[in-house]
Amino acid sequence: MGQHVHQIREELPWVLLFIASIWVVFGLEYFMPSLTQYGLIPRTPEGLTGILTMPFLHGSLSHILSNTFPLFVLMILLAGSRANSWTVVFMIIVIGNGLLWLLGRGDAIHIGASGLVFGLAIFLIASGFFERRFVPIIVAVVVGFLYGSSLIAGMMPFQDGVSWDGHLFGAIAGGIAAWWLARRIQDGKA
């Protein structure tokens, strides 16, 4: 257990820096509202940039606030896992937003870190069951309890102004990342 606490303590500054960078970009958006044009626009060349920039762009104070707390909690839980946190975060962003760029609704500019939030939640839930170890299973149950209904509701396609498809593809990416990590652990490579 001590190793996990050490990992969390070690990664906490990086988690705070990541979240602070999202807030800095949000502050810049106040002075340069055109930054949202760098969001993800499916199947367009200019929308490719959004694969990496989408998690840093938010449309309103309530939007960024609704992502900040769950992102912090899930990244701290991730830091205490066996996973390389930043590899998992990068995989979820690239795979989830890549799928969104390929298959998402083209009538919107997708912005926000909620796809990453959904991906992290599903990663923690899935990796708990893939690894079949006590602590990850407990984390999976806790995350499922805390975020389960939000996860299901957030992927329903009836919400105006919500990137439900971004949530869905983020969740799929989290599942892929959990499966990949479990395979690496099983093969003795992680």
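Cβ-Cβ distances below 9 Å connect the following pairs, each with a first residue in segment 164-190 that is without any contact (Cβ under 8 Å) to a residue 12 or more places away in the chain and hydrophobic (A, V, I, L, M, F, W, C), a second residue that is crowded, with 20+ Cβ neighbours inside 10 Å and not in a loop (DSSP other than H, G, I, E, B), and a separation of six or more residues or different chains: Trp164/Gly154.
All of Ser66, Ser81, Ser85 fail the test of being under 21 Å from Ala178 (Cβ atoms) and either of a type in the set (D, E, K, R) or touching a Ser or Thr at 6+ places or on another chain (Cβ under 8 Å) (or both), apart from Ser81. Of the residues Gly59, Gly80, the single one that is in contact with a His (Cβ under 7 Å, 6 or more places away or on another chain) and surrounded by 14 or more Cβ atoms within 10 Å (Cβ to Cβ) is Gly80. When Leu71, Leu100, Leu35 are checked against the criterion of being of a type outside the set (Gly, Ala, Ser), closer than 28 Å to Ile137 by Cα and surrounded by 13 or more Cβ atoms within 10 Å (Cβ to Cβ), a single residue qualifies: Leu71.
Scanning segment 137-172 for residues that are assigned to a loop (DSSP other than H, G, I, E, B), more than 15 Å from the chain's Cα centre (by Cα) and hydrophobic (A, V, I, L, M, F, W, C), we see that the one that is surrounded by the fewest Cβ atoms within 10 Å (Cβ to Cβ) is Phe158. Out of Arg82, Arg105, one residue alone is within 22 Å of Arg9 (Cα to Cα), out of contact with any Cys (no Cβ under 8 Å at 6 or more places or on another chain), not aromatic (Phe, Trp, Tyr) and not in a helix (DSSP H, G or I). It is Arg82.
Can you confirm whether segment 11-31 contains a residue that is hydroxyl-bearing (Ser, Thr, Tyr), farther than 20 Å from Gly166 by Cα and surrounded by fewer than 18 Cβ atoms within 10 Å (Cβ to Cβ)? Among the residues of segment 11-31, at least one is hydroxyl-bearing (Ser, Thr, Tyr), farther than 20 Å from Gly166 by Cα and surrounded by fewer than 18 Cβ atoms within 10 Å (Cβ to Cβ), which makes the answer yes.
Of all residues in segment 9-24, those that are over 13 Å from Ile64 (Cα atoms) have Cβ atoms under 9 Å from Cβ atoms of residues that are outside any helix (DSSP H, G or I), 6 or more apart or on another chain, in Glu11/Gly80.
Within segment 8-64, being modelled with pLDDT under 95, within 22 Å of Trp101 (Cα to Cα) and not in a helix (DSSP H, G or I) holds for one residue alone: Gly59.
The values are calculated or read from the model by the stated rules, or taken from the named source; none is laboratory data. If you're wondering where the values come from, they're calculated on a predicted model, not measured in any experiment. Virtual Cβ from ideal backbone geometry, glycine too; neighbours counted across all protein chains shown.
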